[in-house]
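Contents: one structure, followed by commentary.
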Amino acid sequence: MTSKNLINIKNLSVSFGNNIVLNNINLHLSKKESLVIIGKSGSGKSVLLRCLMGLLKPDFGSIEIDNVDIVNANRIDKEKALTNIGVTFQNGALFDSLNVWENITFKQTRFFRFNKKAAKEKALLIIKNLELNENILELYPSELSGGMQKRIAIARAICDQPQILFFDEPTSGLDPITGKVINDLIHKTVRKLGVSAITITHDISSINNLANRVILLDKNKIAWSGRPNDMETSKNSIVQQFLINK
């Protein structure tokens with residue numbers, strides 16, 4: 001019997017030496033759900049995301065993505081499960097030596113052998129769907145603003161139509177106005193594609209704009225979980241501390 005959830009994390013624990021970063025984490029991501037994970041620096045958000053991306057093997061526990069346990073699966077099954085994921089990194093992580101359309105279609109040209117014409121047409125389609133100007137296709141990352149680099153990173157993440165999107169601090173380093181533009185773009189993209197999303201953030205506006213459900217990490221555990229609207233009225237002292245500090 002297959003799970004209705006796209007991701008199931010069970011009893012996940014990660015340590016670096018004597019430092020316990022994640023301790024017995026259990027959570028899931030449902031189909032078409034937008035989950036936002038928050039917490040102060042050092043709470044384990046980035047480590048959790050690295051585990052989900054298959055970049056870090058936990059000490060204990062399982063991570064099922066589309067019913068494949070990527071912690072214990074063989075390389076072929078693991079890679080197949082991970083192809084259902086698109087990722088945007090905190091700093092955009094665009095390739096400086098590639099222009100916009102080459103960045104967007106990097107996976108298609110390297111792994112699926114798209115020729116130049118097909119790749120450029122694919123990038124143009126993605127750009128138009130994101131309501132961006134096609135004139136940027138030949139530009140290089142150094143010629144783009146920080147906000148535009150974030151948008152191109154989103155375009156790259158959705159290029160091969162994944163079922164799941166990961167956003168790592170999507171508004172980090174941006175002014176409030178540009179941050180709102182990025183949040184609106186993510187919200188619109190997730191709804192239009194009908195995908196599931198996990199966003200790592202400390203930005204309150206991102207929580208309000210993106211989340212169906214919020215998970216708060218603190219001291220290597222899940223300290224609170226609920227709807228965004230429930231945060232303001234929560235009696236949880238850690239939630240209140242997070243809101244005050246933000």
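The values are calculated or read from the model by the stated rules, or taken from the named source; none is laboratory data. Quick caveat, the model's predicted, so the values are computed rather than measured. With ideal geometry, Cβ positions are generated from the backbone for all residues, glycine too; neighbour counts draw on all protein chains shown. Just so you know, the surface numbers come from the protein's heavy atoms only, side chains and all, with ligands and any DNA or RNA stripped out. Shrake-Rupley method; radii C 1.70, N 1.55, O 1.52, S 1.80 Å.
Extension gain, Ser15 to Lys40: 0.36 nm times the residue separation minus the Cα-Cα distance gives 7.2 nm.
Computed over the chain, the quotient of the alpha carbon radius of gyration and 2.2 N^0.38 Å is 1.02. Treating r as the C-beta distance of Lys116 and Lys235 and R0 as 51 Å, the FRET efficiency rounds to 0.30. Protein heavy-atom accessible surface, 1.4 Å probe, per residue over the stretch 67-196: 53 Å². Radius of gyration (Cα atoms) of the stretch 87-126, expressed as a multiple of 2.2 N^0.38 Å: 1.15. With no solvent and one point per C-alpha, what does the Debye sum give as log10 I(q)/I(0) for the stretch 29-165 at q = 0.11, 0.13, 0.21 Å⁻¹? Scattering profile of the stretch 29-165, log10 relative to I(0): -0.47, -0.65, -1.29. Average accessible surface for the stretch 1-65: 49 Å² per residue, computed with a 1.4 Å probe over protein heavy atoms with every protein chain in place. Simple rule: put +1 on each Lys or Arg Cβ and -1 on each Asp or Glu Cβ in the chain, find the dipole, and look at Ala93, Ala119, Ser142; the Cα lying farthest toward the positive end is Ala119.
Around the amide H of Gly86, modelled in the peptide plane, lie the amide H atoms of Ile164, Leu165, Phe166, all under 5 Å away and 5 or more residues distant in sequence or on another chain. Of the beta bridges in the chain, as assigned by DSSP with both residues counted there, near 55 percent are antiparallel.
Of all accessible surface on the chain at a 1.4 Å probe, what whole percent is carbon and sulfur? After summing per-atom areas, the C and S share lands at 49 percent. Using a probe of 1.4 Å, the accessible surface attributed to Ser205 totals some 50 Å² when neighbouring protein chains are kept in position. Membrane-span-like helices in the chain (whole DSSP H runs, Cα extent of at least 15 Å along the helix axis, mean Kyte-Doolittle hydropathy of at least -1.0): 116-129, 146-158, 176-193. Judged by the mean number of other Cβ atoms found within 10 Å, the most tightly packed of the peptides 147-153, 91-97 leads the ranking 147-153, 91-97. The dipole here belongs to the stretch 1-157: it is taken about the Cα centre, uses +1 on the Cβ of Lys and Arg and -1 on the Cβ of Asp and Glu, and is about 200 debye. For Lys4 and Glu131 in one chain, what is 0.36 nm times their gap in residues minus the Cα-Cα distance, to one decimal in nm? Separation in residues times 0.36 nm, less the Cα-Cα distance, equals 42.5 nm. Who wins for biggest fluctuation among Asn209, Asn220, Asn74 in a Gaussian network model of the chain, springs between alpha carbons below 10 Å? Result: Asn74 has the largest fluctuation of those listed. Would you please give the FRET efficiency between Ile204 and Asn24, computed as 1/(1 + (r/R0)^6) with r the Cβ-Cβ distance and R0 = 22 Å, to the nearest 0.05? That pair, Ile204 with Asn24, gives E of 0.20.
Here the stretch 74-230 is assigned +1 on the Cβ of each Lys and Arg and -1 on the Cβ of each Asp and Glu. Its dipole about the Cα centre then comes out at about 620 debye.
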